[in-house]
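What follows is one structure encoded as structure tokens, with my remarks underneath.
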Amino acid sequence: MSSRASPARKYRIVHWGTGNVGSLVLPTILERADFQVVGQYVHNLEKVGRDTGELVGRAPIGVKATHDIDALMDCFEPDVRNELPTRPERGFRGREELRGYWEQILSDEGHFEAKLLRCIRSDDVAWAEWCWHGERADGSPFARAGVTIYGLRGERIAWMRLYMEPVEGDPGTVGSWIMRELTNA
């Protein structure tokens, strides 16, 4: 879809991170007519309060960067259900459980980046293909790739199924693949 087209639906996006990779991804998100940035989470407290567009050298979009996880949580129903079909014991229910999960990821000393490769929405279900990578607090790298499926209730996510698996192989090759995926438009 051209960025100039007027899509029938817009995906509401809460983008987090404006570091080395996040600052490369954000301009692409801002150019897409089918995406609407409704929140910007930043790790760096010096960026709090700045306009999201200005963080990447663009015109202001009226969305201020925050270090408040509530902006992210507002995208989910209070009783959101998270399922991991390949690891059912890791599933959970409720916004507070999800909040705890994201607080652990976002407040840790590690680093997390995500790239949305493809997405599609049909009525109340959205599918997304992702590439996630980062570094844990202990300095060890991680990389996951896969698909997430979201059940929507109005403008919020009511349930989600994550089919995200570790990317295995030679770290040099995996790192190259991840960087290629994260920087390709």
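Computed from the coordinates by the stated procedures, all read-outs in this text should not be read as laboratory data. Note that this is a predicted model, so its numbers are computed, not measured. Reconstructed Cβ throughout: ideal geometry from the backbone, glycine too, with neighbour counts over all protein chains shown.
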TODO: Give me LEU152, LEU162 ranked fewest to most by other Cβ atoms within 10 Å of their Cβ, as a rough exposure proxy.
DONE: LEU152, LEU162
- [ ] Return the distance in nm (one decimal) between the two label points of a simple spin-label model at ALA59 and LEU45, each offset 7 Å from Cα along Cα→Cβ.
- [x] 3.4 nm
Task: Theoretical FRET efficiency, 1/(1+(r/R0)^6), r = Cβ-Cβ of ASP68 and ALA158, R0 25 Å, to 0.05 - done: 0.65
Task: Projected label distance in nm at ASP79 and TRP127, using a 7 Å step from Cα toward the beta-carbon - done: 2.8 nm
Task: For THR86, net neighbour charge (Lys/Arg +1, Asp/Glu -1) across residues whose Cβ lies under 11 Å away - done: 0
